[in-house]
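Here's the structure, in C-alpha cells; my notes come after.
The values are calculated or read from the model by the stated rules, or taken from the named source; none is laboratory data. All figures in this text were calculated on a predicted structure; none of them were measured in a lab. Counting neighbours? That spans all protein chains shown, and the Cβs are built from the backbone with ideal geometry, glycine included. Side chains included, ligands, DNA and RNA excluded: accessible areas come from the protein's heavy atoms. Shrake-Rupley method; radii C 1.70, N 1.55, O 1.52, S 1.80 Å.
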Amino acid sequence: ETGVTQSPTHLIKTRGQQVTLRCSSQSGHNTVSWYQQALGQGPQFIFQYYREEENGRGNFPPRFSGLQFPNYSSELNVNALELDDSALYLCASSLGLAGGRGDTQYFGPGTRLTVL
Amino acid sequence: AQSVTQLDSQVPVFEEAPVELRCNYSSSVSVYLFWYVQYPNQGLQLLLKYLSGSTLVKGINGFEAEFNKSQTSFHLRKPSVHISDTAEYFCAVSRTSGDKLIFGTGTRLQVFP
C-alpha cells in the first residue's frame, strides 16, 4: 500500500510569485485535506476536497486555491506569495464517507516553502 | 467551534521514566480526539484516536490516552519512554469523522539518556 506522497520536498520562492504544491493520496482514498504549519505552531486547516469538489475551507484568503483530479491526487496553489506564507504544507488523505466513523486522515511528509 | 489547548510546550524527561502530555479541548458538541506525532523534518503520524466507547485508548509505540468528558481532557501517557520518542506531539479534535482537524500548538517531548 502506497502512502501519501508530496512534491517537492523543499521550495524557495520570492514575494509575489506563485507556487504549486502536489499531493498523491493513499491508494483508495477519495478525500484530501491541506494544512499549513508555521514554524513552532500546530497545523492549520486550509481546505478539503472530496471527489474533486471543495468540501470545506479554513480561514485562508482566496489566493490559496486547490484542485483534486479524477485519480484523487491534488494540488495546492498559492498566488501573490507573502513572507508569512513560509511554512510546512501538509497534505492528508482519507477514505471519506467510505471510512465511516473510523475515518482517519493520513499525512504526507510535507513541502517546506520558504518565501524570501 | 472547537479548540484544543496543550498545556505544556516542552516536556523534558529521562529515558525509562513515565511521561504524560496534557491536552484539553473545548467543544459544544461531541468530538473525536486524536494524538499525532511529528519527528524532525517529517509529516504527522497517527498515534491513537478516540471515537467512542472505552475511555482508555491504546495506540502505537506503547502510548495510551484517556478520554475524560467531565474534565474535557485527553492526556497522552507512556509508562517508560525511549530516546526515540523525542518528537513533537499534537493533540487534535474533529467534529465528525473525516472532518477538518483542529490542532493544538504541540508539545515537544525531549528524552534524555
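Here are some notes:
- Qualifying residues in the range B:37-56 (those that are of a type in the set (S, T, N, Q) and either part of a loop (DSSP other than H, G, I, E, B) or open to solvent by 50 Å² or more (accessible area, probe 1.4 Å) (or both)) - the one nearest to the other protein chains (Cβ to nearest Cβ): B:42
- Filter pass, residue B:3 being within 14 Å of another protein chain (Cβ to nearest Cβ), within 15 Å of the chain's Cα centre (by Cα), farther than 20 Å from residue B:109 by Cα and touching a residue at least 40 places away in the same chain (Cβ under 8 Å): yes
- Per-region count, the range A:60-107, residues modelled with pLDDT of 95 or more, open to solvent by less than 30 Å² (accessible area, probe 1.4 Å) and assigned to a loop (DSSP other than H, G, I, E, B): 1
- Of all residues in the range A:31-77, those satisfying the criterion of being under 13 Å from the mean Cα position of the chain (by Cα), among the small types (Gly, Ala, Ser) and within 18 Å of residue A:8 (Cα to Cα) are A:33, A:65, A:66, A:73, A:74.
- Scanning the range A:48-58 for residues that are within 11 Å of chain B (Cβ to nearest Cβ) and either on the phi > 0 side of the Ramachandran plot or open to solvent by 80 Å² or more (accessible area, probe 1.4 Å) (or both) yields A:55, A:56, A:57.
- Filtered by the rule that a residue be open to solvent by 40 Å² or more (accessible area, probe 1.4 Å), in contact with a strand residue (DSSP E or B) (Cβ under 6 Å, 6 or more places away or on another chain) and part of a loop (DSSP other than H, G, I, E, B), the range B:3-23 gives B:15, B:22.
- Criterion violated by residue A:3 - all others in (1) open to solvent by 20 Å² or more (accessible area, probe 1.4 Å); (2) modelled with pLDDT of 95 or more; (3) not β-branched (Val, Ile, Thr) satisfied: (2)
- Counted residues, the range A:1-28 - those being facing another protein chain (nearest Cβ under 10 Å) and part of a loop (DSSP other than H, G, I, E, B): 3
- Residue tally, condition away from every other protein chain (no Cβ under 14 Å) and either farther than 25 Å from residue A:40 by Cβ or open to solvent by less than 50 Å² (accessible area, probe 1.4 Å) (or both), over the range B:88-113: 3
- Screening residue B:26 against (1) open to solvent by 10 Å² or more (accessible area, probe 1.4 Å); (2) polar (S, T, N, Q); (3) at the interface with chain A (Cβ under 10 Å from one of its Cβ atoms); (4) over 13 Å from the mean Cα position of the chain (by Cα) leaves a single unmet condition, (3).
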